[in-house]
Amino acid sequence: MNMLVDGEWRTDAYQTTNERGEFDRQETTFRDWIRDDPDAEYPAESGRYHVYISRACPWAHRVAMTRRLLGLEDDISLSIVEPVRYEDGWEFSAEFPDPLYDEAYLRHLYTRAEADYTGRVTVPVLWDRERETIVNNESREIMRMLGTEFADADGVDLWPAGYRDEVDRVIDEVYEPINNGVYRAGFADTQDAYDAAVAEVFDALDRWEAVLDEQRFLAGDVFTEADLAMFVTLVRFDHVYHTHFKCNRRPIHEYPNLWNYTKEIYQLPGVAETVNLDHITRHYYVSHDEVNPKRLVPTGPDIDFTEPHDRDRLPADLPAELRADAAVVDD
C-alpha cells in the first residue's frame, strides 16, 4: 500500500498484513487537540479550522456526521476528495477541489504540515488555517473535540454526562470486532486470519442484535458518539462489506434490530445527507484492486434506508433537534 516516507511518495512501502496474514492498521500520527481556551495552542475559534473527508471512508463519515449533528457547519468548513483512490492516493479534482491551497493530492497537505512526514495519508484531516498544519487525523479524537470544545448550538450532546464511561466502553467494544473487523476480514492474506476475523464480526453483530432488542441505542436510551461509530459500518455493510470483504454470513437487513436501528439513525435529521452510497461503492470496489482486480462495481443490493422502522417501541431521550419532525438543512 502507498504511503509517504520522509516526505516522498512510495507505492511499495506499507504492508497491510503481518506475518500471519492478518490486517494490521497503522496508527494515526497527528494527535494535537483543539481546546475551548483562548490561550491554547489550538483554540476553539469559529472559522479557523477545516476538515478534509471522503464520503466513502467510514472514519471520515463519523466526523462529518458529528459536525452536522452539532450544527457546526458555519464554524468548521469541510471539503471532499475524489471517492476513488488510485496509486497517488486521495486526490482532488475540478469537481472536488482543495479549497485552501488548490493542491492536486491530499498527501501535499501532509507534507505542508510536516515536510519529512512518514506514514499513511488518511482522512479525516482536521486542518488549522492559521498555523497551516494538521491538528489531528484520528477520527475518534476529532469527534470528541468537536463535541466538547465547541459550543453545541443545536442542543445536541453526543457525550452526555452520566453516560460517558459507558459511551467510551462501547466505542472500544465496537471498534475491533466490527469497525476494524470488516477490514481484517477483507484484507486477510490467509484463510485462518479471514476465518478468525469473520467469526469476530458476526459474534459481535449477534451480541449487539440482542442488546438492541432491549434498548434503543448502544449506550442506553440516549443517542451518542457510540451510535455514530456503529452506524458508519452498518450503513456500508450490505453494499460493500458483505460482498467485497466477504462478510457474507448474513446481511444487516436480515437482522431485525440492527436493521431497524440503522434505518432510525439514517432517518435522523441531517444524517442521510452525509451518506453517499455511490461514493462508498465506487471507492471500495474500484480502489481495492488487490481485492477486486477487475474493479467491477455491483449494482445492488436494493434496500431502502427510508422505510419505516420499529424503534419507537423502546424509550429514547432524544433532543428536539434529533427527532424525525425536526427541520433538515442541506449541506
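Coordinate-derived values only; no laboratory data. Quick caveat: nothing in here was measured; it's all calculated off a predicted structure. Neighbour counts run over all protein chains shown; Cβ positions are idealised from the backbone, glycine included.
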(request) For the stretch 3-149, calculate the relative contact order in percent as a whole number, restricting contacts to Cα pairs under 8 Å that are 6 or more residues apart. (result) 32 percent
(message) Helix-only estimate, please: 222 nm mean residue ellipticity of the chain, summing -39500 (n - 2.57) across DSSP H runs of length 4 or more and dividing by its residues, to the nearest 500.
(response) -9500 deg cm²/dmol
(message) With just the Cα atoms defining each centre, how far is the stretch 169-211 from the stretch 255-285? Give it in Å.
(response) 19 Å
(request) Could you point to the residue in Ala193, Ile171, Leu109 farthest towards the positive end of the stretch 71-201's charge dipole, with +1 and -1 charges on the Cβ of Lys/Arg and Asp/Glu respectively? (result) Ala193
(request) Give the relative contact order (percent, whole number) for the chain; include only Cα pairs under 8 Å separated by 6+ residues. (result) 20 percent
(request) Can you bin the stretch 139-223 into rounded, prolate or oblate? Criterion: square roots of the alpha carbon gyration tensor eigenvalues sorted a ≥ b ≥ c, rounded for a/c under 1.5, prolate for a/b above b/c, oblate for the rest. (result) oblate
(request) Report which label in (1) 83, 52, 39; (2) 90, 47, 34; (3) 54, 52, 35 holds the value of Cα extents along the principal axes in Å derived from the coordinates of this structure. (result) (3)
(message) Report the Rg/Rh value for the stretch 3-149, based on alpha-carbon coordinates and the Kirkwood definition of Rh.
(response) 0.96
(message) Tell me the net charge near Thr122. Cut-off is 11 Å between Cβ atoms, Thr122 excluded, with +1 for each Lys or Arg and -1 for each Asp or Glu.
(response) +2
(message) I need the helices of the chain that pass two filters: whole DSSP H segments spanning 24 Å or more by Cα along the axis, and mean Kyte-Doolittle score no lower than -1.0.
(response) 191-211
(request) Express the relative contact order of the stretch 1-45 as a whole percentage, based on alpha carbon pairs under 8 Å and six or more residues apart in sequence. (result) 19 percent
(message) Please report the spacing between the Cα centers of the stretch 1-38 and the stretch 102-128 in Å, no decimals.
(response) 11 Å
(request) Please give the net charge around Ala56, taking every other residue with its beta carbon less than 11 angstrom from that of Ala56, where Lys and Arg add +1 and Asp and Glu add -1. (result) +2
